[in-house]
Amino acid sequence: MRVGGQTLRTEPDLWRSVGNTPLFAVPVPSGWGGLYLKAEWLNPGGSVKDRAARAILRDGLCREELPGKRLLDASSGNTGIAYAMLAAAAGVGVTICLPANASPERKALLEIYGAEVILTDRMEGTDGAMERARDLIARQPDRYYYADQYSNPANPQAHRDTTGPEIWAETRGRITHFVAAMGTTGTMMGTGGFLKEQNPAVRLIGVQPDSPYHGLEGLKHLATTPNPPALYDPGVPDSVAEVATEQAEEAARRLARKTGYLVGWSAGAAVAAALDIVRDEPDSTVVVIGCDTGARYLSEPHRWCSQ
């Protein structure tokens, strides 16, 4: 790996801090199953996306596409932040196509880490950002390395190699249900695939918004999106739960006030879906991905207020 014109034998120290996040218990009423939150917001970049971003950067470096080119991708924010942070430590340039309605915190962090940010139509979401990225790589293939997190196999492989084994070890193999919100679907495909290999009886529950018009940044309503992620295999989740934005917000608020876990709306959606499981199945051990930190959404104080 080359950083600042020098070849390094080891990865930057920052890269080694990704993963091995703790598993936190979530209090539930007596007689319910066990609910646990995988604290991915404690990754150095504040989200689960650090894992995929590190794997994609490693792959680009191994292919010798980086650091000679700029890493280019579309992102709702979290993967872009992870790219920018980890790439800064490795001397790699980053360009992110970002929907204009991304939270101010996400935009600010991208700029702080030195990424070039290209804002795209807010109404087109990440689909519009992907189209812009594809246009850029078509016009300037010698300038950019298009990482394409939505189809890059390094994304789910990162979770197969790290997230899945961590959860299996942390629960001592007792996990009965795995719940994850779905955007690129890499977390579900990789982690879920690993867990099914360990125990085919583990139930995999994907979580998506209840309509294509929602306030859950980074998530896709897979039934209606014009560009479903190439990574997504609908046969992997045993079921898909749809959660309203308001339910996700309420769950995130309650977590902050009752447990001190400050997570974002997508994690709130996954917790809301998981609560239905532990209520109905008292012998269950349910693990939820705490996708990102709620600090990414502090510019929306009305969403944190009780309704």
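Rounded to the nearest 20 Debye, what is the dipole magnitude of the range 45-180 about its Cα centre when Lys and Arg each give +1 and Asp and Glu each give -1 at the C-beta?
240
Hey, quick one: spin label on ASN101, modelled 7 Å out along Cα-Cβ, who in the range 245-267 has an amide N within reach, i.e. under 13 Å?
Output list for this probe position: 245.
In whole percent, how big is the carbon plus sulfur part of the accessible area of the chain, probe 1.4 Å, protein atoms only?
That share works out to 49 percent.
Which order do the peptides 42-53, 178-189, 84-95 take when ranked by the mean count of other beta-carbon atoms within 10 Å per residue, highest first?
Top of the packing list down: 178-189, 42-53, 84-95.
Just flag the trypsin sites (Lys or Arg not before Pro) in the range 166-249 sitting in loop per DSSP whose Cβ has no more than 14 other Cβ atoms within 10 Å.
Those satisfying the criteria are ARG172, ARG174.
State the extension gain, in nm to one decimal, for the chain segment bounded by GLU111 and ARG139, taking 0.36 nm per residue of separation less the distance between their alpha-carbons.
Fully extending the segment from GLU111 to ARG139 adds 7.7 nm.
Do the sum for the chain: with -39,500 (n - 2.57) for every DSSP H run of n ≥ 4, divided by all residues, what is the mean residue ellipticity at 222 nm, to the nearest 500 deg cm²/dmol?
Helix-only estimate at 222 nm: -10500 deg cm²/dmol.
Mind checking the angle between helix 49-62 and the chain's longest principal axis? C-alpha axes, 0 to 90 degrees, to the nearest 10.
30
I'd like the accessible area for PHE24: 1.4 Å probe, protein heavy atoms, all chains in place, Å² to the nearest 10.
Approximately 60 Å² of PHE24 is accessible to the 1.4 Å probe.
Please work out the average accessible area per residue across the chain, using the 1.4 Å probe convention, and give it in Å².
I get 42 Å² per residue for the chain.
For helix 245-259, what angle does its Cα long axis make with the longest principal axis of the chain, in degrees from 0 to 90 and rounded to 10?
80
Of (1) 122; (2) 142; (3) 114, which is the value of volume of the Cα convex hull per residue in Å³ derived from the coordinates here?
(1)
The values are calculated or read from the model by the stated rules, or taken from the named source; none is laboratory data. The shown structure was predicted, so the numbers you read here are calculated from the model rather than taken from an experiment. All Cβ positions, even for glycine, are placed from backbone atoms using ideal geometry, and neighbour counts span all protein chains on display. Ligands, DNA and RNA are excluded from the accessible area calculation, which covers all protein heavy atoms including side chains. Shrake-Rupley method; radii C 1.70, N 1.55, O 1.52, S 1.80 Å.
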